[in-house]
1. If a/c stays under 1.5 just call it rounded; otherwise compare a/b with b/c (prolate if a/b is bigger, oblate if not). Do that for region 250-305, with a ≥ b ≥ c from the square roots of the Cα gyration tensor eigenvalues.
2. Give the percent of DSSP beta bridges with both residues in region 192-385 that are antiparallel, rounded to the nearest 5.
3. Net charge near Asn204: determine it from the other residues with C-beta under 9 Å of the C-beta of Asn204, scoring Lys and Arg +1 and Asp and Glu -1.
4. In bins 10 Å wide, starting from 0, what share of all Cα pairs of region 179-291 does each bin hold, as a percent?
5. Charges on Cβ only, +1 for Lys and Arg, -1 for Asp and Glu, centred on the Cα centroid of region 192-385; of Ile270, Asn324, Pro362, which one is farthest towards the dipole's positive end?
6. Under 5 Å between amide H atoms, partner at least 5 residues away or on a different chain: which partners does Thr120 have, H built in plane at 1.01 Å?
7. In the chain, if every C-alpha pair distance is counted and binned at 10 Å from zero, what percent goes to each bin?
8. Taking the Cα-to-Cβ direction at Tyr358 and at Asn277 and moving 7 Å from each Cα, how far apart do the two end points lie in nm?
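Nothing in this text is a laboratory measurement; each read-out follows from the coordinates by a stated rule. Being a predicted model, the structure only gives us computed values, none of them experimental. A quick note on method: Cβ atoms are made from the backbone with ideal geometry, for glycine too, and the neighbour counts reach across all protein chains shown.
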Amino acid sequence: MRQITLLIILLLCLPVSYALVCGQSITESTVLTEDLYCGQTNGVVIAANNVILDCNGHRVSTEFHFEKIGIYSYNSENVTIINCVVNGSKTGIKIGDSLPLFKEDRQYEYPSNSKIINNTVHDTDFGIKIKEGQNNTIANNTIWNTIISAIDTVQAGNLNITNNRIYSRGEPLSIGSSGDLIIKDNNIEGWKVGATDNMISGANSFHFIGNSVKNVDCLFLDEVPDAIIVNNTFLFIDDLGTCIYLGVGCDNALIHNNIFYTNYGGVWGIDIAVNNNANVSNNNLTGMSRGVMVIHSTNTIEHNNFWISTIKAGEDPGQSTWKNNYYMAYDQPQEGCDDANSNGICDDPYHLYGGSNYDNTPYNTPSGWLKIKHYHLERFEDTHE
Ligand SMILES: [Ca+2]
Ligand SMILES: [Ca+2]
C-alpha cells in the first residue's frame with residue numbers, strides 16, 4: 001500500500017505534457033508538446049510557485065514588437081524555464097513584476113530563485129527581462145537580434161548570468177540595481193561600437209569574469225564599487241569611444257589579466273575618471289591610441305603591456321602609481337629607452353602623458369617582469385646544481 005501511495009505521489013509530481021493554448025496560465029510543471037503561434041496574445045503565463053516549464057525545444061512565437069510577452073512568470077517563486085525557443089513580442093521571457101508577493105508572514109517580497117536555462121530567444125525588443133526578482137539565474141541561453149536589450153534587469157538582486165551567447169542590436173546587457181552580480185563565461189556581441197554599451201549600474205558586488213565581448217562599448221559602470229573585471233577578452237572594432245568606463249562611485253576596481261584589442265586609433269581602453277584605488281594589472285592593450293586614463297584619482301597601474309604606438313599609452317596628471325609596465329612606444333634606444341645595465345628596465349623613467357607623472361621602471365620587452373623572474377630562477381637553479 002505504501003508503494004502504491006508513493007507511486008501516486010510520484011506521478012502527481014511529474015510534469016504534465018499537453019498542448020497549451022496561447023495566453024494560458026499554468027500552475028503546475030508542464031512539458032510543451034507542440035509549438036505555440038500566438039499572434040497578438042501572450043504566449044505562456046506561469047502563475048504558481050515551483051513550476052518547471054520545459055518547452056522540449058518547441059517554439060513560443062508572438063508578433064514582433066507587439067506589447068506582449070512570450071513566457072511570463074508573474075510573481076511566482078522558484079520557477080524554471082528550460083528548452084524554449086521564443087521569438088517575436090515585446091519581451092521574450094520575463095520574470096517578476098512591480099507588484100510584490102504578499103507572503104503568509106505578511107512581509108513583502110519579490111519573486112525569487114528563478115532559473116532561465118538553455119533557451120533561445122530572438123527577434124524581440126527585450127530578450128530576457130527580470131524585474132524586482134532575487135537570486136535568479138540566466139544560464140546557457142542563446143539570445144540574438146534583440147532590438148533594445150538582450151538581458152535587461154531592474155532591481156534584480158543576486159543575479160547570476162553565465163555561459164550565454166548574446167548578439168544584440170541594442171544593448172547586450174542593461175543591468176540596474178543588482179545585489180551581487182556575477183557575469184561569467186558569456187559570449188557577448190553588440191551590433192556596433194559607439195552605439196550601445198553593456199550598462200551596469202548600482203551593484204553591491206560585481207564579478208565580470210572570463211567573458212568575450214565584441215563590437216560594443218565594453219562596460220559602462222555607474223555606482224559599482226569593488227568591481228572585479230578579470231580574464232576577459234574585449235574586441236572593439238572601428239570605435240571612437242571607450243572600452244571600459246568607470247563612472248561615479250566605482251572605487252576599488254580590479255581590472256586584471258584582460259585582453260583589449262582594437263584596430264582603430266580613437267579610443268580609450270580604460271577610463272577610470274574620478275575613482276580611486278583601482279588596480280589595473282597584467283592586461284594587454286593593443287591598437288588603441290590611448291590606453292589608460294586616470295584623472296584626479298589615485299590608482300595603481302602595473303605589469304601591463306601597452307601595445308600602443310602613440311605617447312598616450314597612459315594619461316595621468318599626477319596622482320596614480322605607474323610601475324613595471326611595458327610601453328611599445330618606449331622600448332628602444334631611439335625612443336629614449338637605454339638599458340646600459342641590462343636589467344630589462346629602461347634606465348630613464350617613462351613620462352606619462354598629460355602631466356608630470358612617470359613610470360620609473362618601464363620594461364623594454366613585453367611581459368619583461370616574467371622574463372626577469374625566469375632569469376633569476378635559472379640563475380638560482382644553475383648555482384644549486
Ligand atoms: Ca617601440
Ligand atoms: Ca636598465
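1. Cα axes put region 250-305 in the oblate bin.
2. 5 percent
3. So the surrounding residues net to -2.
4. Going out from 0 Å in 10 Å bins, region 179-291 shows 16, 52, 31, 1 percent.
5. Ranked along the dipole, the leading option is Ile270.
6. Under 5 Å from the amide H of Thr120 lie the amide H atoms of Cys84, Val85, Val86, Thr142, each far enough along the sequence or on another chain.
7. Taking every Cα pair in the chain, the percentages come to 5, 21, 25, 18, 13, 9, 5, 2, 0, 0.
8. Roughly 2.9 nm, to one decimal.
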